[in-house]
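Okay, structure first, notes after.
The values are calculated or read from the model by the stated rules, or taken from the named source; none is laboratory data. What you see is a predicted model, and the numbers here were worked out from it, not measured in a lab. As a convention, Cβ positions derive from the backbone with ideal geometry for all residues, glycine included, and neighbour counts pool all protein chains shown.
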Amino acid sequence: MAAIGREKRLFGALFAGLVALHLALILSARLYPFTDLPDHLAAATIARHAGEPSNHLAEYYRVDAFLKPNTAHLIFCNLAIFPSVEFANRAYFALYVIALPVSVLLALRKLGGNPRFALLSFLLVYNYNVSWGFAGFALAIPLVILFCRFFVFDERGVAGVSRVVWAALFLVLLYFVHLLAAMFCLLLLLLDLVSRPRSVARALGGIAAASLPLVVLAAAWWRSETRDYAGPGLLRFLSDYYRHAFARTFVERRWIPILDNFHLFAGAAGYAVAGLFSLGIVLPAVVLSFARRAGGRGARSAAVLPLLLGALLSCLFLPNEIPQQSVLYQRFSALLFLALIIYGGARAPERLRPSVVAAFVALALFHYALWANYFFDFNRENAGFDRAFLRPAGDGKRLAGLVYDYTFRGGPVYIHFPSYYVVWEKGAATTKITDYRFGPVRRRASANDLPGYLEWVGKRNNYDGRYRDMDYLLIRGAAPPGGFEVARTAGRWSLYERAAAPRPEND
């Protein structure tokens, strides 16, 4: 008994220590190397500060976030308890860093599995959704695991009035965090329905009641979004996709095993490191799946199958995009690997060999060291890219971005950096936030006053002169077009100001 107590205390210290390390990394980094995050920060800044007399944001943008999905990050960053959007964003990701491993630990404890498998969840802290800056779906991942802990791994499901109410509230919460994750939880409830020997009619009634508020919210929102939309309908798009494009593009899904950590290095090195971490998750689950069942391990691991199957089906069969919304199936790779961790932990014996636990810890520390180096190098490379660098000479100035050199270690981390002008200076900038079909921030100004942003100008070299009347150009990796003169430089970044018109000569 004393030995078991020491093992539990050691595990608790290791788990808490890893959480503390990731918290320290998140809280100490000035800039996060998450691709879309600057746009999310800009949207939150506009929502928080548009209409204030000290800025002109309301002249260029309008905000419509009422009852819209995927707005949790924006709402969180606008809470009055936080002094600024950036402070709130730091708290948001600190909350996420705690929630991800803790949700896995709680799921394992619910199943009576080996909690030491939760150490492997640290290999997914900076998964595909986080490194791409999908702020909503990133937080949705631990919430999905918690939903499973309460309503999928629990044999009661959503039976009973109180459980129906709590499940309905949880699904509504997920609607505001990310609608795709909420719909995924509905899929899990249906998969769980067919995997357990219970009354189908009663279980369906509970699922229908729990899902009703989510369905009403989603239907009302979808109707409002499509009212002014002139593109192809969703059903027509999906029909064409599965008939003509799905089989042809299925081979692209071969990258799923390495999506969650390949950003660490460019090229083959990134793929190899990501493959190593994925193997560290897959191998224990595979070995334990062939191990002889003892006690209740087979039954408790069966409870994970809805999550495992749902994530696998999403990875294999969801499209890459729908009209004006991209990157869909890739988001579920993290949930697939988390399901494997929970499955392996549910099948594992109560005590693991010390060498196995040591291997888990070594992998987690190696993963942390590589990501800490990634964060530090990123911030070192952009040491001069700060508020003072972007500060304009006058009030109401507009900024456009031409980010030709847009990669860091092979990833397109810099494409949305012009949005920091919105965040830091509360000024109008060319940004993609006004072009997302499902985004809460819309364009108010005309395209002449605020041109569309060419986020892939470095890949397509498609600049067409649209920024000639902008006040500033933020450029990385190229010379400016005519009519601009350098204001200042910081590393590979250059800020150019529109040259003053020549004065006419006196007669």
Only helices (runs of 4 or more DSSP H) wholly contained in the stretch 107-190 count here; list those with 1 or more residues that are touching an Asp or Glu at 6+ places or on another chain (Cβ under 6 Å) and in contact (Cβ under 8 Å) with a residue 40 or more places away in the chain. 128-131
What number of residues in the stretch 359-413 are assigned to a helix (DSSP H, G or I), surrounded by 14 or more Cβ atoms within 10 Å (Cβ to Cβ) and within 24 Å of the chain's Cα centre (by Cα)? 14
Can you confirm whether the stretch 27-36 contains a residue that is without any contact (Cβ under 8 Å) to a residue 12 or more places away in the chain, in a helix (DSSP H, G or I), of a type outside the set (S, T, Y) and closer than 23 Å to Y368 by Cβ? no
Checking the structure you have, find out if any residue of the stretch 45-67 is closer than 25 Å to I415 by Cα, under 14 Å from the mean Cα position of the chain (by Cα) and surrounded by 22 or more Cβ atoms within 10 Å (Cβ to Cβ). no
Which condition number does L352 fail, the rest of (1) touching a residue at least 60 places away in the same chain (Cβ under 8 Å); (2) in a helix (DSSP H, G or I); (3) under 26 Å from V273 (Cα atoms) being met? (2)
Selection status of L95, surrounded by 22 or more Cβ atoms within 10 Å (Cβ to Cβ), among the hydrophobic types (A, V, I, L, M, F, W, C) and not in a loop (DSSP other than H, G, I, E, B): no
With respect to L100, is the statement that it is in a helix (DSSP H, G or I), in contact with an Asp or Glu (Cβ under 8 Å, 6 or more places away or on another chain) and modelled with pLDDT of 95 or more true? no
If S494 satisfies all but one of (1) surrounded by 17 or more Cβ atoms within 10 Å (Cβ to Cβ); (2) outside any strand (DSSP E or B), what's the number of the condition it fails? (2)
Just to be sure I understand the filter: pairs with C-beta atoms under 6 Å, separated by 6 or more residues or on different chains, first member in the stretch 303-326 and more than 15 Å from L193 (Cβ to Cβ), second member of a type in the set (G, A, S) and surrounded by fewer than 16 Cβ atoms within 10 Å (Cβ to Cβ). Which pairs pass? P323/G231
Residue under question is E7, and the condition is that it be in contact (Cβ under 8 Å) with a residue 24 or more places away in the chain, out of contact with any helix residue (DSSP H, G or I) (no Cβ under 8 Å at 6 or more places or on another chain) and either more than 30 Å from E350 (Cα to Cα) or assigned to a helix (DSSP H, G or I) (or both); does it hold? yes
